[in-house]
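A short worksheet on the structure shown next.
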Amino acid sequence: MRFRLRQLVLSIARYAGVIRLFQYIHRNKIVILTIHGVMDEQDNPLWIPLRPQLPRDKLEQYLKTLSRRYHFVSLMDAVEMICGRKPMQPYSMVLTFDDGYRNNLTHALPILRRYNVPATFFVTTSFLDNPRPFWWDRLDYALQQLNVHRREVKVGSFTMTLDSSTRKALCQSYKRLRRTAKNLTWISDHEFLKDIEQLSCYLEQESGRALADIQDEDDWSAIMTWKQVQKAANNGVTIGSHTVDHIRLGLVEAEITRDQLERSKRDIEEHISKPCLSICYPNGSLADETVSLARECGYICGLTTKEGLNCVGDDVMRLQRIGLPVNARSIDLLARISGVSMVVSRAGQGHRKLYGNLGQWKLNMFHHCKRLKNIFFYHISNLFKNKKNNIPNVHKYENYDISKYLETAEKLKINIMPLGFGIYELTKGEITRRISSSLCIDKENALTYKLCGNKYLTYKIL
């Protein structure tokens, strides 16, 4: 229902000239598009990933549509305009490709040449030195070689049960696993990659099949070689860094960040004999220190995964981009690029937030009245029974930092999953609770959750 309403709103916006109006309003903002792989399902009978890539005919359709309304410029020209060193050309657009898939060169580049579109390829250098699948492709392939229906998988503190009753269900399960795992920001990237590798290895050993065995012939997952990168650079493609190991730079120490930035830049420059001036932060993970280190290493621009447009005066080390959808109509594409989709989405979020706040206010009032009643009867009973209250005091603990409870939770075999500010999903055995609570660890090393009213859940280590 929500999708149909959105389509109706966009159709009205198109015929009313709203999309053209937004394009005009944002004409002096630079659009940076991002693509990963470009591949057609019928081209490779070996397997079809759960994580789709952009088909060639869709790429051609998009470029045909966009070239009527925008003109494509190189990333470096865009940076010059944002910095004010070049006059802004209205309706400018930049095309970027992440990860360094071989199909960027074999499938996408011929189409870019037909439309005279400059592009930037961001490559992950250790995967060029030592060809191997990226973790998401490897896990994708491994999951499809077995019956994983109702199988429990764990990454860090996150545990979920897979649903492979249909391919669509498996796609949704894998999408949830991939996105949630990427958002586990309280564990280091090395721990995250270690858990993912262990999971992939276990599945590969069980099935006896691994993506690495067929990667050379597999156009979905194969990575470019250094010779192919050099060929792309000689054909007018700008080569940028995507780090050495596709590390999430915001989740590692400064020394590792510096090493990833310096080594990838040096390797690229040695192989293509041209300066490498741009960095694309893997998964958009960065911190203020990351940006400072990137500048020190000689990069003049950095690209994030934050969705938005770029105007004169913006920080060129935090450029925003828009992901090119794998399968969308022209109207959806133009609405997204012009900024109409963001306005529609924010309006929908505001509408849901308004009703959500009203509902939460009613719920809070209910629990507040219930708490007052419980406090009243509690004190009355204490006056008459003269009993000491032994319930631990948890009000002084913060309810948004759960990292300090994870070690105790692991000993108690409890999985904690944050769902939002102060809201957690608590799983012990086969029992799952969704709670909004304060947490603490008392002197007896017990994990205590204060629920609504005068109710507590306490787990103790025996």
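For the reader, a short list of remarks on this structure follows.
- Once the Cα-Cα distance is subtracted from the 0.36 nm per residue extended length, the Arg113 to Asp216 segment shows a gain of 34.5 nm.
- Per residue, the Cα convex hull of the range 88-209 amounts to 173 Å³.
- Filter on Lys86/Lys306; Lys231/Lys306; Lys227/Lys265; Lys194/Lys227; Lys29/Lys274; Lys175/Lys227 - keep pairs with C-alpha separation over 22 Å: Lys86/Lys306; Lys231/Lys306; Lys194/Lys227; Lys29/Lys274; Lys175/Lys227
- Over the range 15-109, the reciprocal of the mean inverse Cα-Cα separation, the Kirkwood hydrodynamic radius, stands at 15.3 Å.
- Segment Ile25-Thr106, length gained on full extension (0.36 nm per residue, minus Cα span): 25.5 nm
- Spacing of the two label points (7 Å from each Cα toward its C-beta) at Thr180 and Arg266, in nm: 4.1
- For the pair the range 226-289 and the range 26-82, the centres of their Cα atoms are 20 angstrom apart.
- Label-point separation, Thr161 to Ile300 (7 Å along Cα→Cβ), nm: 5.6
- Glu197, Glu152 arranged by Cβ crowding within 10 Å, fewest neighbours leading: Glu152, Glu197
- Counting every other Cβ atom within 10 Å of each residue's Cβ, Asp163, Asp315, Asp57 order from fewest to most as Asp57, Asp315, Asp163.
- Estimated Rh, the range 65-130: Kirkwood, alpha-carbon pairs, angstrom: 13.4
- Across all Cα atoms of the range 209-279, the radius of gyration (one decimal) and Dmax (whole number) stand at 14.3, 40 Å.
- Fewest-first ranking of Ser292, Ser241, Ser164, using other Cβ atoms within 10 Å as the exposure measure: Ser292, Ser164, Ser241
Computed from the coordinates by the stated procedures, all read-outs in this text should not be read as laboratory data. Because the structure is predicted, anything quoted here is derived from the model rather than measured. As a convention, Cβ positions derive from the backbone with ideal geometry for all residues, glycine included, and neighbour counts pool all protein chains shown.
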